[in-house]
Amino acid sequence: MSAALKGPAAALAVLALMATSAAQAQTPNYAIDPTHTFVNYENGHFGTTTNRGRFSTKDGSLFFDRAGRAGKVEIIIDISSVNTGVDFLNRQIQGKDFFNVADYPTGKFVSDKFVFEGDKVSEVQGQLTLLDKTHPVVLKALKFNCYISPLIKREVCGGDFETHILRSKWGVMWGLQFGFEDDVRLLIQVEAIKTQ
């Protein structure tokens with residue numbers, strides 16, 4: 001170490017180097033594939049059938065270090081893309097009484113806490129933002145895998161994840177008084193392509 005860098009100055013230099021290295025290590029090294037990344041939901045209807053729908057994703061980034069058992073992800077959900085298979089219900093969900101997509105067109109899931117079993121992700125702990133309200137959620141991995149895609153010759157990692165939320169916590173109240181249940185099952189399929 002240079003004679004000019006001793007004592008407190010040397011310590012500051014080491015800390016700065018460590019911070020730079022940490023920032024570089026967290027740089028996204030996978031890109032979310034929107035053609036294989038969707039948020040599906042299931043919501044009970046009068047205790048009889050189950051309403052189902054799907055949201056597309058707009059954007060996302062992933063840092064994933066299997067060897068270091070670390071991960072960080074951000075996924076932007078396109079709320080206006082909701083598709084239930086019923087036009088009237090799509091419009092209802094997009095409207096002011098439900099998701100109010102005119103004012104809140106997107107949602108967001110962010111996590112920097114990945115739980116591993118061996119080299120596979122078993123759980124992702126993060127924050128879900130809808131209608132400008134943010135609450136913690138835990139996504140349980142139903143399956144997870146990484147493989148070399150024969151089509152693009154790059155590594156792809158992804159899986160199916162599940163969680164349950166009470167939609168009223170995010171202010172989604174429509175239908176609670178006449179048969180649309182508060183509990184919502186979310187099924188998230190996500191794939192990401194290695195970029196580095």
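Taken together, the values in this text are just the output of simple stated rules run on the coordinates, not laboratory data. Since this is a predicted model, take the numbers as computed values, not measurements. Cβ: placed from backbone, ideal geometry, glycine included. Neighbour counts: every protein chain shown.
Positive end of the dipole of the chain (Cβ unit charges, origin at the Cα centre): among Leu131, Ser149, His45, the Cα lying farthest that way belongs to Ser149. Only helices enter the 222 nm calculation for the chain: every DSSP H run of n ≥ 4 contributes -39,500 (n - 2.57), and dividing by all residues gives -4000 deg cm²/dmol, rounded to 500. Other residues within the sphere of radius under 9 Å centred on the Cβ of Val190, judged by their own Cβ, net out at -3 (K and R +1, D and E -1). For Val101, what charge total do you get from the other residues with a beta carbon under 12 Å from its beta carbon, if Lys and Arg give +1 and Asp and Glu give -1? Counting the neighbours of Val101, the net charge comes to -1.
With the charge dipole of the chain set up from +1 on Lys and Arg Cβ and -1 on Asp and Glu Cβ about the Cα centre, the Cα lying farthest toward the positive end among the listed residues Pro105, Gly179, Thr195 is that of Thr195. Using only side-chain charges placed at the Cβ, +1 for Lys and Arg and -1 for Asp and Glu, the dipole size of the range 28-194 relative to its Cα centre rounds to 220 debye. Give me the Debye-computed log₁₀ of I(q)/I(0) at q = 0.14, 0.19, 0.20, 0.21 Å⁻¹ for the range 28-194, equal point scatterers on Cα only, no solvent, two decimals. The computed values of log10 I(q)/I(0) come out as -0.73, -1.22, -1.33, -1.43.
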